[in-house]
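Below you'll find the structure, written out as structure tokens, and then a few comments.
Every number here is computed from the coordinates shown, using simple stated rules; none is lab data. Predicted model only: the values in this text are computed from it and were never measured. Positions of Cβ are backbone-derived with ideal geometry, glycine not excepted, and every protein chain shown enters the neighbour counts.
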Amino acid sequence: MMLLAPQPRQLTLHAGRFTPSAASLIQLNADAPHALIFIARQLQAALRSFANVEWEIVAGKHVPADQIGVSLSVTPGAIPHPQGYALTITPERIDVVAAEPVGAFYAVQTLRQILQQHGRSLPTLRCSDQPEFPHRGVMLDISRDRVPTMHTLYGLVDMLASWKINQLQLYTEHTFAYRAHPTVWADASPLTGEEILALDAYCRERFIELVPNQNTFGHMHRWLEHDAYRHLAEAPDGSITPWNGLRFEGPYSLSPVVPGSLDLVRDMLDELLPHFRSRQVNVGCDETFDLGQGLSQKLVEEQGVGRVYLDFLLKIHREVKSRGHTMQFWGDIIMEHPELTPELPRDAIALEWGYEADHPFAEHGALFADSGIPFYVCPGTSSWRTLAGRTDNAIGNLRNAAANGLKHGAVGYLITDWGDNGHWQPLPASYLGFLYGAALGWGYDANVDLDIPAALDAFIFADKAGIMGRLVFDLGNIYQTPGLLMPNSSVLFNALQASPEQIRDYSRQLSDPAAFPAGIHETMTQIDAIMAPLPQTDMQIEDATLVVREFTWVADMLRHACHRILWALGENNGRADANWLAKDTGRLISEFGAIWRERSRPGGFRESVARMAEMGWAYESTR
């Protein structure tokens, strides 16, 4: 079976081969051939790189048949699905048929992968393909704490487009350069309006919709911590969170009872939206846990927290609709206050999120379907708060969301990638989730058993040695070895940000606390074994050296977490002493800064690395 990502819904291999000749043509057979020129140039570049031929691009029907090497044909109604295509390779030529240019683009992405693997001798085949989810997206957190460089974003867009992703969102709290609000983003290295315009154009050429994403209710602390906005906060002096009753110090959510709150939302929408061609906008509105703990307390006591939340959400919806946009919002209210669901606008899109493999997408999907509101299912890459990812959890979570989203009629599949607690994981730690999620979003049955390590090697790392994909896959599973699983995180990551006493509490969560040190020793042994083949990789990508450096640092951080746990438990293994740990912390911080600068802007680094510096304070206090 041919390895492709996504694997087409239907593909039949035939006998015979097609060998590209040196002087053939790429025919654009369409009423609007200019709409296909970027697609044709992508194919032209792939033929040059992998088949060593240079084919000229021509337009029109009146091209001598014996000169055509590839025909890109776009005819309305030729294929039932607007994003579908038919790809045929015979011993004589290649034919692509689509109803719209986007279908031709997806056919060429498949053809590029075939060329990459087979070069000048292509298998003959017939492929008929179309997506199951009409909207297949990725959401990248750019607010906690990494803001990618434009080079990083362009590379990510190219990668996602090659897997037929058609929507990108950049989760924003304070990292868009609002000209009217410079105080908020002063130290964040934000994306400017000009950069968004350029990125939007880059995405559009690759048939990706760049959807604006700006939280507008909760997660507003980056605004409200400034004196100019503090009066808009629900609880300016802090509030109790639903996470083990922990207290959040400082303001968090906008207060729905302050008139200026809606004025701020209007101002953000007015400045942000014109930079995007998309007619959708994600306004967030999740995790408003402080609602009723401050200025709206009396109103919440009278009407209920769900009612107060809904009324403000409806006000935001009116603002979005009046600007000609469709509102996306996190669908927490449907789960937490189902009695209010009939009042939600039917022209909005709810986002059902959950990041554990066993998240109840089946149960929740049924409720969302019953609501009558269009909805997306939103799993995650499982990379945040882990460093290396949680491979098995990511696979289970992505499958669960896709299967139940299809079952209950979700209109979209949005793969989320967060940066909680410092965004320590390098971007390549999320590639596994992006790739496998993109494949499932295109076609579940055809891709559920995708050979993920092989696909990583073929379509991300271009590793001729076939090592890197398996290394990334296995390192992402190291979270299981200590024997203590934690939701939305790993014990190794948490140990790096926990106090010695908190680490000792981890062992008490096990039925046999004495097994914890043994599990940590085994973890270090497995990390060493997983990383041992790294020098033998043969990655044919521009950033191969950086990828090696990033995963080396990740492994070193995981080893440090093991040593830190043993130190906190009083285990002396030759390295678990305060002096060595303090020195190693300094080395890891230095390398973190170096690799950060390769893909990310300087803004946010100070806050991210401050969490790493805290890691060393405990060692200093015991030296």
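Give me the mean projected area, in nm² to one decimal, of the convex hull enclosing the Cα positions of the range 468-620.
Numbers: hull surface 38.1 nm².
Taking the Cα atoms of the range 468-620, their convex hull projects to 9.5 nm² on average.
Beyond 30 Å in Cα-Cα separation lie the following of the pairs Lys164/Lys407; Lys298/Lys407; Lys407/Lys464: Lys298/Lys407; Lys407/Lys464. Sketch the reach of a paramagnetic label on Glu225 as a point 7 Å from Cα along Cα-to-Cβ, and name the residues of the range 160-182 whose backbone nitrogen lies under 19 Å away. Under cut-off, by backbone N: 171-178, 181-182.
Restricting to DSSP H runs of at least four residues, report the calculated mean residue ellipticity at 222 nm for the chain, -39500 (n - 2.57) per run over all residues, nearest 500 deg cm²/dmol. Can you show the working numbers first?
Values: 22 runs with 259 residues, N = 623.
The helix contribution divided over the chain gives -13000 deg cm²/dmol.
Considering only DSSP beta bridges with both partners in the range 135-450, what is the antiparallel share in %, to the nearest 5?
10 percent
Consider all pairwise Cα distances in the range 448-542 and report the whole-number % of them above 21 Å. Of all Cα-Cα pairs in the range 448-542, 46 percent lie more than 21 Å apart. Normalising the average separation of contacting C-alpha pairs (under 8 angstrom, six or more residues apart) by the number of residues puts the relative contact order of the range 468-620 at 28 percent. Bridgeable aspartates and glutamates around Lys61 (alpha carbons under 15 Å apart, same-chain partners fewer than 8 residues away excluded): Asp31, Asp95. For a straight C-alpha distance cut-off of 14 angstrom, the aspartates and glutamates reachable from Lys583 (same-chain residues fewer than eight places away being disregarded) are Asp556, Glu591, Glu614, Glu620.
In plain terms, if you count all Cα to Cα distances in the range 334-394 and split them into 5 Å steps from zero, the share in each step is 4, 17, 25, 19, 13, 11, 8, 4, 0 percent.
For Ala186 and Ile589, the difference between the fully extended length at 0.36 nm per residue and the C-alpha to C-alpha distance is 142.7 nm.
Label sites at Ala518 and Glu598, each approximated as a point 7 angstrom past Cα along Cα to Cβ, lie 3.9 nm apart.
One quarter of the convex hull surface, Cα atoms only: what value does that give for the range 135-450 in nm²?
On the way: hull surface 60.1 nm².
If I average the Cα hull's projected area over directions, I get 15.0 nm².
Nearest 10 degrees is fine. How inclined is helix 605-620 to the longest principal axis of the chain, computing both from alpha carbons? The angle comes out near 50 degrees.
Using C-alpha pairs below 8 Å separated by at least 6 residues, the relative contact order for the chain is 12 percent.
Could you list the square roots of 5 times each eigenvalue of the Cα gyration tensor of the chain, that is, the equivalent ellipsoid semi-axes, sorted largest first and rounded to whole Å?
Details: eigenvalues 347, 216, 93 Å².
Three semi-axes, in Å: 42, 33, 22.
Note on Arg247 and Gln116: the model spin-label points, each 7 Å out from Cα along the C-beta direction, lie 5.2 nm apart.
If you take every DSSP beta bridge fully contained in the chain, what fraction is antiparallel? Give it as a percent rounded to 5. Show your work: numbers first, answer last.
Values: 23 of 68 bridges.
Around 35 percent of the beta bridges assigned by DSSP in the chain are antiparallel ones.
Taken one residue at a time, the phi angles of the range 64-80 give Karplus couplings (6.51, -1.76, 1.60, θ = phi - 60°) of x, 4, 6, 9, 7, x, 9, 10, 9, 10, 10, 9, x, x, 5, 10, x Hz. Gly and Pro are set to x. In the range 490-616, taking the dipole from charged Cβ atoms about the Cα centre, the farthest positive-side position among Val609, Pro513, Ala568 is held by Val609.
Against the chain, whose longest principal axis is taken from its Cα atoms, helix 259-272 shows a tilt of about 30°.
Applying Stokes-Einstein at 10 °C and 1.306 mPa s to the Kirkwood radius of the range 300-339, computed over alpha-carbon pairs, gives a translational diffusion coefficient of 143 µm² s⁻¹.
Mean sequence separation of contacting Cα pairs (under 8 Å, at least six apart), scaled by the length of the range 318-387, corresponds to a relative contact order of 31 percent.
Explain nothing, just the number: dipole magnitude of the chain about its Cα centre with +1 on each Lys and Arg Cβ and -1 on each Asp and Glu Cβ, in debye rounded to the nearest 20. Could the numbers behind the result be given before it?
Numbers: 49 positive and 72 negative charges, 266 e Å.
Dipole about the Cα centre, nearest 20: 1280 debye.
On the beta carbon distance between Asp31 and Asp158, with R0 = 35 Å, the FRET formula returns roughly 0.80.
Here the range 10-129 is treated as a Stokes sphere of Kirkwood radius computed over C-alpha pairs; at 37 °C and 0.692 mPa s its diffusion coefficient rounds to 235 µm²/s.
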